[in-house]
1. Give me a comma-separated list of calculated 3J(HN,Hα) values for segment 235-252, in order, Karplus coefficients 6.51, -1.76, 1.60 applied at θ = phi - 60°, integers in Hz, x for any Gly or Pro.
2. When only alpha-carbon atoms count, how far does segment 84-187 stretch along each of its three principal axes, as whole angstroms with the largest first?
3. Can you list the lysines whose alpha carbon sits under 20 Å from that of residue 49, skipping same-chain ones fewer than 8 residues off?
4. Please sort by residue number the GluC sites (Glu not before Pro) in segment 142-237 whose DSSP state is loop and whose Cβ has at most 16 other Cβ atoms within 10 Å.
5. Give, rounded to the nearest 20 debye, the magnitude of the charge dipole that segment 48-173 has about its Cα centre when Lys and Arg contribute +1 at Cβ and Asp and Glu contribute -1 at Cβ.
6. Excluding residue 112 itself, what net charge comes from residues whose Cβ is under 15 Å from its Cβ, given Lys and Arg +1 and Asp and Glu -1?
7. About the Cα centre of the chain, what is the dipole size in debye to 20, counting +1 per Lys and Arg Cβ and -1 per Asp and Glu Cβ, all else neutral?
8. Of all alpha-carbon pairs in the chain, indicate the percentage at a distance above 28 angstrom.
Amino acid sequence: MVRIFITGSSDGLGLRAAQALSQRGHEVYLHARTPQRATEARSSCPSAKDVFIADLSSTSETQSLATQLNTSGPWDTIIHNAGVMHGASAQGKGKEGLPKLFAVNTLAPYILTSLVDPPPKRYVFVASGMHHGGDATLRDVQSATYSDSKLHNVLLAFWFARRFAGKGVTSNALNPGWVPTKMGGSGAPDDINASIETYVMLAEGSGVSEGKTGKFWYQSREARSGGSGRETSYTTKADEAARQDKLIEILEKISGVQPPE
Ligand SMILES: NC(=O)c1ccc[n+]([C@@H]2O[C@H](COP(=O)([O-])OP(=O)(O)OC[C@H]3O[C@@H](n4cnc5c(N)ncnc54)[C@H](OP(=O)(O)O)[C@@H]3O)[C@@H](O)[C@H]2O)c1
């Protein structure tokens, strides 16, 4: 049995993963944006232990979520799954004036990973095949597009893998594929069950993922660095330590939150 926290688990992949992990006997903690969404999440996954509430477009709510997680820890696995792409949840600014898409997709996973103490055994950053189109120059990250933010997720996963190396903490990136959710749309072509199996494998640290860190996963397989497959490979630019360092420096400056030692 493992203790797992999943951001953005009121809907879509996060909810499906929570249901699958609960059914496997794990202690799953949900996360929702508002009290109303928390009630809905709880009724969709009644076997979950609890629901945390925080709007990740607000840095202060994200920081207070980290405090709550520390009170309820230690954790085995934290999955940074919440994400926005279009519509009201992605457009405009959050409470502190940061663009919502940047705050939810890029800054929240940075803040949570930096502040959760002790760190869990496993971090999972949910990226996307669309990271291939992300701006690797990291110019003006606050104006990130969805693709930019998904590249940030891979850079974060790999940077934290380096930072936690030898400390019993793994950090991996996951590409769920293009699957039918609110974000993916009903016509999405990929197999959502294969995505959920990958969430489960990484949350448990089981199968071929056991002990692995700093990797990128798609349909329960390690994806290659470089190569032409949009889903089965990731950009070599994410492997560059200097680029990972640069993103962390930028996010530290914007948030005022220091990364863990
Ligand atoms: N679906 C795909 O084809 C696909 C492909 C590649 C990558 N991904 C990635 O997979 C992850 C999950 O996506 P999904 O398809 O499951 O999307 P989804 O169905 O839209 O679900 C997104 C989840 O994130 C939550 N969320 C959004 N804004 C939030 C905020 N400000 N604060 C807290 N929670 C917030 C949503 O809560 P509400 O419902 O209350 O807004 C929901 O629970 C994302 O990181 C996405 O980028 C998805």
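Nothing in this text is a laboratory measurement; each read-out follows from the coordinates by a stated rule. Computed from a predicted model, the values in this text were never measured in an experiment. When we count neighbours, we look across all protein chains shown, and the Cβ atoms used for this are built from the backbone with ideal geometry, even at glycine.
1. Here the 3J(HN,Hα) series is 5, 4, 4, 6, 6, 6, 4, 5, 6, 4, 4, 4, 4, 4, 4, 5, 5, 5 Hz.
2. So the extents along the principal axes, rounded to whole Å, are 40, 34, 25.
3. By straight Cα distance, residue 49 reaches 121.
4. Values: sites: 197, 204, 210, 222, 231; in loops: 210, 231.
Loop-located and lightly packed - 210, 231.
5. On the way: 11 positive and 9 negative charges, 57 e Å.
The calculated dipole for segment 48-173 is roughly 280 debye.
6. Details: positive: 33, 122, 163; negative: 55, 61, 117, 252.
Local charge sum for residue 112: -1.
7. On the way: 27 positive and 25 negative charges, 11 e Å.
With Lys and Arg at +1 and Asp and Glu at -1, about 60 debye.
8. Summing the P(r) of the chain above 28 Å gives 24 percent of all pairs.
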